[in-house]
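Working notes for the structure below.
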Amino acid sequence: MKIIVAGGDGFCGWPTALYLSKQGHDVSIIDSMVRRKIDEELHSNSITPIASLEDRVAKWKELTGKEIRTYEGDLQHYDFLQQVMEQEKPEAFVHFAEQRSAPYSMIDREHAVYTQVNNVVGNLNVLYAIKEMAPDCHLIKLGTMGEYGTPNIPIEEGYLEVEHKGRKDRLPFPKQPGSFYHLSKVHDSHNIMFACRVWGIRATDLNQGIVYGLDTNETNMDPVLTNRLDYDGVFGTALNRFIIQSAIGRNLTVYGKGGQTRGFLNLEDTVRCVEIAAEKPAEPGEFRVFNQFTEEFSVLELAERVKKVAEEEGYQVDVDHLENPRVELEEHFLEAVNTNLLDLGLEPHFLTDDVIRHILKAVIEHKERVIEGNVLPSVSWK
Ligand code: NAD
Ligand code: USQ
């Protein structure tokens, strides 16, 4: 299958591009490199050293004989996207290429506007490019579990059967996201749903939970293929961040009570979920929604799991309850359905102590790269 992976230089996109290429798909990458520029803006870095995209794909070709074509450009620039679509005529368009940090979107007005313009306009351009140049192409869009927020009822996969005043309908599940970033994903979902209904586009919205892990079989083949891994207070996510904090002898930063409960999945499952969606595309006109996570944990539970494993490895670790820089419920109900991907064959990699140990050992190798001043949270929601 001819597949474009937009955002293919990023944390989820790079291992996905390699995995799809290994599986025999004809893969090309679009990326504007903006994530690398944001590292410069924030004076931050990936804890793992990462090669340029050019060197990455050259190494992949050297090792496997497989070519991944690359297009450096911004999805906000429609003429650029048109040229790529004309050239590639993809059967699937995997869209990871967005600003994905909630704290980054909450820095100030400029960062909120940047996040929403980058994400919403980029996605809208992808919808038009599919309509005009590859109408049968299946859009596989990365959404987020955070679109739903934390309602006091179980979360369904995209839709809710509602009975109101004696009438019934299947309606989009209510959305109560917790940041301008998460809101941008809601806006995307609405635009995609509309494009499916009006133009007959086929799309799958993957409402992904928090991804943990660093590597896959493919990124492990050579140091040049190493994936990025964020630890800072802006782009680092729970679990990965806790493991890195334990490796550098810092206390684990649980925000508030730590009862915030989220869906999580291993990076190895991210790549497989995208493959599953590509192999079994949505029907023309269908807006299909999958909740893409495999387990639910509270952040305090995760901090305690990391503390236990780190102490077994000889690292003394304490859990801090910092004043929460975000506005969110710290104790709440969470129960979400995630059966669509399992029904299509996903075999989850669950979070075991050995998985935590493996990530810990991988990050210890690079711990001297951590910039200490970036570890604590610096962005407030208020
Ligand atoms: P990332 O920042 O590591 O990668 C995103 C990539 O997209 C970067 O390489 C960036 O340069 C590129 N990009 C951004 N805007 C672009 C644009 N306008 N044009 C072209 N390229 C652009 O992020 P990630 O962690 O790999 O996340 C990928 C996607 O998955 C995002 O859409 C994110 O919302 C979603 N997601 C991520 C997680 C997670 O835990 N990392 C969880 C749920 C959903
Ligand atoms: N948290 C802590 N301590 C930390 C970091 C985070 O307690 O050091 C808490 C946060 O307050 C929050 C929870 O952990 O309650 C998750 O925060 P996070 O930074 O790990 O994840 P989030 O901001 O939700 O964003 C990440 C990705 C985003 C993706 C989302 C999936 O950056 O791209 O969309 O996870 S989800 O959470 O399911 O919406």
Inset, instruction - Any chance you could run the full-extension gain for K367 through K2? It's 0.36 nm times the residue separation minus the Cα-Cα distance, nm to one decimal. - result: 127.5 nm
Legend entry - Cβ-placed point charges (K, R +1; D, E -1), dipole of the chain about Cα centre in debye, nearest 20: 580
Legend entry - Label point distance in nm, E161-N220, each placed 7 Å from Cα along Cα→Cβ: 4.3
Inset, instruction - On the protein heavy atoms, probe 1.4 angstrom, tell me the percent of accessible surface of the chain carried by carbon and sulfur. - result: 51
Inset, instruction - Please list, or write none, the aspartates and glutamates whose alpha carbon is within less than 20 Å of the alpha carbon of K168, excluding same-chain residues fewer than 8 places away. - result: E156, E157
Inset, instruction - Let me know the charge dipole size of the stretch 1-63 about its Cα centre in debye, to the nearest 20, where only the beta-carbon of Lys, Arg (+1) and Asp, Glu (-1) is charged. - result: 220
Legend entry - Hits among lysines - C-alpha to C-alpha of K308 under 28 Å, sequence gap 8 or more where chains match: K257, K361, K367
Legend entry - Mean residue ellipticity (222 nm) of the chain, computed from DSSP H runs ≥ 4 via -39,500 (n - 2.57), nearest 500: -11500 deg cm²/dmol
Inset, instruction - State to the nearest 20 debye the size of the charge dipole of the stretch 1-159 about its Cα centre, where the only charges are +1 on K and R beta carbons and -1 on D and E beta carbons. - result: 340
Inset, instruction - Check cross-link reach from K22 to the aspartates and glutamates: straight Cα distance under 12 Å, and skip same-chain residues fewer than eight apart. - result: E67, E218, E275
Inset, instruction - Provide the per residue accessible area, probe 1.4 Å, for the stretch 2-374, rounded to a whole number of square angstrom. - result: 41
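The values are calculated or read from the model by the stated rules, or taken from the named source; none is laboratory data. Small disclaimer: the values here were computed from a predicted structure and weren't measured. Heads up, the Cβs are rebuilt from the backbone with ideal geometry, glycines too, and the neighbour counts pull from every protein chain shown. For the accessible areas, the whole protein counts, side chains as well, though only heavy atoms, and no ligand, DNA or RNA atoms are used. Shrake-Rupley method; radii C 1.70, N 1.55, O 1.52, S 1.80 Å.
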